[in-house]
Amino acid sequence: MAERADEFYVGYLPNAPAGLARFTRRIVLCAIALALALCALLVASQQGFSSGIFEFGERRDFEGRVEFAPYPVLAVERQGVGSSRYLLTAFGKHGADELLRDFVGRRVRLSGTLVYRECMTMIEVAQGSITPLAGDAREVESEQRLSEITLVGEIVDSKCYLGVMKPGDTKPHRDCAVRCISGGVPPLLLVRDERGDVAYYLLSGPQGEAIGRQVLDFVAEPIEVTGVAWRRGELLQLRTDPARILRR
């Protein structure tokens, strides 16, 4: 300590005194180690990418029965196991209501791009690809009323959350989600239990009608919703009055 106190460094000299140089090296090395540790901590704390997939640029063909439940759905028949239901949207931040309204209850062939995550799948329908098919569609599963429930979760736009955007939820995605839901993309209530398992409920009005603009103020917020749960095939729906949506 006395050695450093007696040392004096002038900037134009080629080398610093030995004691002062050693002290400076220690400070620089400690600063570098601290910066690396902070970087590692920051990386470790980041949320990983979601498991959602958007098959951008890959177009597939599908056949099935068009349903509105209350949003456009394609019920694809599976041999011996009923039907699989794919949500339908149009290109960009738009729902597929106008594309498919004239085909409700009919069998069609269409092409589009898959978006999927875990147990839910969506098709972004290609413009002009819908063709009606001859013959009657097979009778599909009827809706089943489950029970009145109260759920805690977050409202997301189904298209981005399922895979088009990463992340497709929480506050950073709010503005995009509001635009998608305003454009007709089905709103989805995302519910996580204590173990981290996820359930998805399509949000609709009390009579099963489409609900979109009425929930925009609650998008990306932690909320509590009370309503009646319904099921058709693998799709869950929560019918609720917007007045029964509360911020947590």
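Give me log10 I(q)/I(0) at q = 0.19 Å⁻¹ for region 201-248, Debye formula, one equal scatterer per alpha-carbon, no solvent.
Reported log10 I(q)/I(0), two decimals: -0.57.
For region 223-228, take each phi angle, set θ = phi - 60°, evaluate the Karplus expression 6.51 cos²θ - 1.76 cosθ + 1.60, and give the result in whole Hz per residue in order, putting x for glycine and proline.
After applying 6.51 cos²θ - 1.76 cosθ + 1.60, I find 9, 10, 10, 10, x, 10 Hz.
GNM on the chain, C-alpha springs below 10 Å: top fluctuator among Asp193, Asp157, Asp97?
Comparing Asp193, Asp157, Asp97 in the GNM, the peak value goes to Asp193.
For the chain, with only Lys/Arg (+1) and Asp/Glu (-1) charged at the beta-carbon, what is the dipole magnitude about the Cα centre, in debye rounded to 20?
340 debye
Scale the Cα Rg of region 114-238 by the rule-of-thumb value 2.2 N^0.38 Å and send over the ratio, two decimals.
That ratio works out to 1.12.
Taking the chain as the reference, fit the longest principal axis to its C-alpha atoms, fit the long axis of helix 18-45 to the helix C-alpha atoms, and give the angle between the two in degrees, 0 to 90, nearest 10.
Relative to the chain, helix 18-45 is tipped by roughly 10 degrees.
Which of the trypsin sites (Lys or Arg not before Pro) found in region 188-221 are loop residues per DSSP with 11 or fewer other Cβ atoms within 10 Å of their Cβ?
For trypsin sites (Lys or Arg not before Pro) across region 188-221 that sit outside H, G, I, E and B with at most 11 neighbouring Cβ atoms in 10 Å, the list reads Arg195.
Rg and Dmax of the chain, Cα atoms, in Å?
In order Rg, Dmax, the Cα atoms of the chain give 27.4, 99 Å.
Please list, ordered by chain and number, the residues whose modelled amide H lies under 5 Å from the amide H of Val185; skip anything fewer than 5 residues away on the same chain.
Under 5 Å from the amide H of Val185 lie the amide H atoms of Gly95, each far enough along the sequence or on another chain.
Helix-only estimate, please: 222 nm mean residue ellipticity of the chain, summing -39500 (n - 2.57) across DSSP H runs of length 4 or more and dividing by its residues, to the nearest 500.
-5500 deg cm²/dmol
Can you return the aspartates and glutamates within cross-link range of Lys93? Criterion is Cα-Cα under 14 Å, with same-chain partners fewer than 8 residues away left out.
Reachable aspartates and glutamates: Glu124, Asp157, Asp175.
Take the alpha-carbon centre of region 168-184, take the same for region 52-82, and report the distance between them in whole Å.
If you average the Cα positions of each part, the centres end up 23 Å apart.
For Thr121, what residues show an amide H to amide H distance below 5 Å, using hydrogens built from the backbone and excluding near sequence neighbours?
Close amide H contacts, sequence-distant or interchain: Leu87.
Could you tell me what percent of the DSSP beta bridges with both partners in the chain are antiparallel, to the nearest 5?
Close to 90 percent.
Only the coordinates and a few stated rules stand behind these numbers; no lab work does. Keep in mind it's a predicted model, so treat the numbers as computed, not measured. Reconstructed Cβ throughout: ideal geometry from the backbone, glycine too, with neighbour counts over all protein chains shown.
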